[in-house]
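The values are calculated or read from the model by the stated rules, or taken from the named source; none is laboratory data. Model, not experiment: these values are computed from the prediction. FYI the Cβ positions are ideal-geometry reconstructions off the backbone, even for glycines, and counts take in every protein chain you see.
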Amino acid sequence: MRRTNRFQGPFAVLAAMAALALGSGASSCNLVVDTDVAQCETTADCAAKGPEFADAVCSEKVCVLGDCTTNAECSARFGGEPAICRRPGRICVQLTTPECTEVVPAEALAEDQTVVLGFIGPLSGTDIQSGKPPWEGVKLALNELEQTAVGLPVKGTTQRRRLAVLACDDSTDPNLVAKHLAENVRAPLIIGPAFSSVTLEIATKTTIPAGSLLMSYSATSPAITDLADNGLVWRIPPSDALQAIPMAKLVSEFETQIRADQSIPGTTPIKVAMTVLGDAYGTGLANAASGLIQFNGKGANDNGNNFLRVDYKPDTKDFKPTVSTVLAQAPQIVVLVGTTEAVESIFAGLKADPDANKRIYLFSDGGKIEQLLTSAGALRPNVFGTAPGRETPQYQAFQSRFKAQNQNKVPGSYAEHAYDATYLAAYALVATSEQTASGIAMIDGLSRSVGGAKIVAGPSQVNTAFAALLEAGGTINYDGVSGPLDFDVKKGEAPADIDVWCITSAGAFTSSGQFFNSVTNKVEGSRTKCN
């Protein structure tokens, strides 16, 4: 098993070139070298030279090929580990690493034309519930595509090429796994990551320069919208500029409820506290929400000491000062903008207070994790939250299929968004199947998921979508499980509904019946489904 060198590239090429210089013929090795001076500027220049250079890459102005022809021979070189003969270039690359341990479906690697995409998310550690459910959503989509389509059609041929995804755990070193997927594997599209700060970091440092398209299933920071990304950063959920709208509406409604329940007169001000994870996600959402929240007849930022905002650093270990600061203010409403730490550390500290049941706790989407279901306990009726997506009939059908594949387990947060990302990637590959799979090609393919006939997410209309996309200039209108995805293709994002969720007496997340309608731009419905 070779773990010290997971790919073989220009070093093997240079050695073969030296052999040629000493008189060895090209037929004695697997290397093709055009002896013209300054043969190329780009890899496309090599492909234009003829069929024998179809898989060549331009390296130092020379068209070169590596020394493999099949995935199987590369796997054998790495002791049977999953590997590919990467094209263009014909370079052996081992897919698995200590962080990237699963390829689905593994058997697809037996076919040399299989396209390998990447998945990045926290698949271990404290944030696993932000990565595991989306990966389960990806696997469901892959399974449905395998069963329904038996490969992705290639325009103008009878061929089919299969789709596989390599899953990588970014809980320790996101840039390390991003480099492996974008630079070694050269995945044309990477699904993930989970967090906005990680998305911004790996996009600017790694995936954009490498030319891989990043499609996050849960990064919602407004900072991503106008990122200078050459079109290579997309996301399924909308910007938190939208999530802030129902959050603000809820604070106003909770004020009315609290005044009635606790007999607080209108002349007596109530207090609102907001705890904020100090990264791109937390600060972006908190800033947007703070500008919209109204209570005591005025904006949050005009409420003086009646509005308390406590920001904490992402690497904070001790949350006692944060909890103490909030409790000292004695708020009636606490807004928690964060992820796992907001549940396991801050909420856990607040609920130990004797007056905990006199407050309402409003979580952002990052707090909708399994740990909250057990942590809420007797405070369950006081816990609410917001999250992109809504429990439509289409989502319910997805949930049924998900439960069938996962031992009756309900989908976790953002499973449906990662599921949609997988289908969109497959459709983009079909739309551009005459091109070499690349980030640039994926932009072209994804832009053709809007403007055509409606295609409902899931297996029922897969072949209908393929037929439409294989036509010259063909388009579809992908209607996702997470909601209609009418992308602004220049920004790589779409507006979406925002659900208001609560916890049932049975200890499960449910839609409350209230939601932000992205079409009307209003909060609609009422919280009648919470019991």
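Does V489 meet the test of being farther than 20 Å from L379 by Cα, of a type in the set (V, I, T), in contact (Cβ under 8 Å) with a residue 24 or more places away in the chain and in contact with a Phe, Trp or Tyr (Cβ under 6 Å, 6 or more places away or on another chain)?
Details: farther than 20 Å from L379 by Cα: yes; of a type in the set (V, I, T): yes; in contact (Cβ under 8 Å) with a residue 24 or more places away in the chain: yes; in contact with a Phe, Trp or Tyr (Cβ under 6 Å, 6 or more places away or on another chain): no.
Judged against the criteria, V489 is not a match.
Do we have any residue at all in the range 214-222 that's crowded, with 24+ Cβ neighbours inside 10 Å, out of contact with any Lys or Arg (no Cβ under 8 Å at 6 or more places or on another chain) and not small (G, A, S)?
Yes, that holds for at least one residue.
Pick from L214, L200, L181: which is assigned to a strand (DSSP E or B), outside the structural domain of I369 (by TED's automatic domain parsing) and touching a residue at least 12 places away in the same chain (Cβ under 8 Å)? Even if it seems obvious, please write down each step before you answer.
Values: L200 fails: assigned to a strand (DSSP E or B); L181 fails: assigned to a strand (DSSP E or B).
On inspection, the qualifying residue turns out to be L214.
Filter the range 73-117 down to residues that are more than 22 Å from D170 (Cβ to Cβ) and of a type in the set (S, T, N, Q), then give me how many there are.
Final tally of qualifying residues: 3.
Report whether or not G80 is assigned to a loop (DSSP other than H, G, I, E, B) and out of contact with any strand residue (DSSP E or B) (no Cβ under 9 Å at 6 or more places or on another chain).
Numbers: assigned to a loop (DSSP other than H, G, I, E, B): yes; out of contact with any strand residue (DSSP E or B) (no Cβ under 9 Å at 6 or more places or on another chain): yes.
So G80 passes the test.
Among the strands (runs of 3 or more DSSP E) contained in the range 475-517, which hold 1 or more residues that are out of contact with any strand residue (DSSP E or B) (no Cβ under 8 Å at 6 or more places or on another chain)? Step through it out loud before you land on a result.
On the way: elements: 476-480, 498-503, 509-517.
Correct list: 476-480.
Please work out which one of (1) in a loop (DSSP other than H, G, I, E, B); (2) on the phi > 0 side of the Ramachandran plot is the condition K409 fails and give its number.
(2)
For residues that are at positive phi and crowded, with 17+ Cβ neighbours inside 10 Å, scanning just the range 58-102, find the one that is modelled with the highest pLDDT. Don't jump to the end; show me each part of the working.
Step one: of the range 58-102, the residues at positive phi are 60-61, 79-80, 89-90.
Still in the list and also crowded, with 17+ Cβ neighbours inside 10 Å: 89-90.
Details: G89: 88, R90: 91.
Taking the candidates together, the pick is R90.
Considering only residues that are part of a strand (DSSP E or B) and in contact with a Ser or Thr (Cβ under 7 Å, 6 or more places away or on another chain), look in the range 279-307 and name the one that is farthest from A241 (Cα to Cα). Reasoning before the result, please.
Step one: filter the range 279-307 for residues part of a strand (DSSP E or B), giving 294-295, 298-299, 307.
Now drop any that are not in contact with a Ser or Thr (Cβ under 7 Å, 6 or more places away or on another chain), which leaves 294-295.
Working: Q294: 16, F295: 20 Å.
The selected residue is F295.
In the range 358-412, how many are within 15 Å of A348 (Cβ to Cβ), among the aliphatic types (A, V, I, L, M) and touching a residue at least 40 places away in the same chain (Cβ under 8 Å)? Don't jump to the end; show me each part of the working.
Residues of the range 358-412 within 15 Å of A348 (Cβ to Cβ): 359, 361, 363, 367, 369-380, 382-383.
Remaining after also requiring among the aliphatic types (A, V, I, L, M): 369, 372-373, 376, 378-379, 383.
Adding the requirement that they be touching a residue at least 40 places away in the same chain (Cβ under 8 Å) leaves 369, 372-373, 376, 383.
Of the residues in that region, 5 qualify.
Show the residue pairs meeting these rules: Cβ distance below 6 Å; 6+ apart or different chains; first residue within the range 161-175 and in a helix (DSSP H, G or I); second residue hydrophobic (A, V, I, L, M, F, W, C).
If the second residue must be hydrophobic (A, V, I, L, M, F, W, C), the pairs left are P174/V198; P174/I202; N175/I202.
Based on this model, can you work out whether V251 counts as over 18 Å from T220 (Cβ atoms) and aliphatic (A, V, I, L, M)?
Numbers: over 18 Å from T220 (Cβ atoms): yes; aliphatic (A, V, I, L, M): yes.
For V251, the condition - over 18 Å from T220 (Cβ atoms) and aliphatic (A, V, I, L, M) - is met.
In the range 103-127, which residue that is free of Cβ contacts under 8 Å to residues at least 60 places away in the same chain and buried (at least 20 other Cβ atoms within 10 Å of the Cβ) is farthest from R86 (Cα to Cα)? Give the steps one after another, and end with the answer.
Keep residues of the range 103-127 that are free of Cβ contacts under 8 Å to residues at least 60 places away in the same chain, which gives 105-114, 123-125.
Narrowing further to those that are buried (at least 20 other Cβ atoms within 10 Å of the Cβ): 108-109, 123.
Details: A108: 14, L109: 11, L123: 26 Å.
Top of the filtered list is L123.
Take the residues of the range 346-370 that are under 30 Å from the mean Cα position of the chain (by Cα) and surrounded by fewer than 20 Cβ atoms within 10 Å (Cβ to Cβ): which is modelled with the highest pLDDT?
Ranking the candidates gives A348 first.
Quick one: in the range 182-201, of everything that is under 21 Å from T96 (Cβ atoms) and in contact with a Leu (Cβ under 7 Å, 6 or more places away or on another chain), which residue is surrounded by the fewest Cβ atoms within 10 Å (Cβ to Cβ)?
The qualifying residue surrounded by the fewest Cβ atoms within 10 Å (Cβ to Cβ) is V185.
So, in the range 445-474, exactly how many residues are part of a loop (DSSP other than H, G, I, E, B) and either outside the structural domain of D420 (by TED's automatic domain parsing) or surrounded by fewer than 18 Cβ atoms within 10 Å (Cβ to Cβ) (or both)? If you could, list the steps in order and put the result at the bottom.
Kept after step one, since they are part of a loop (DSSP other than H, G, I, E, B), are these residues of the range 445-474: 450-452, 457-458, 471-474.
When the remaining residues are screened for being either outside the structural domain of D420 (by TED's automatic domain parsing) or surrounded by fewer than 18 Cβ atoms within 10 Å (Cβ to Cβ) (or both), the result is 450-452, 471-474.
Residues that pass the stated criteria total 7.
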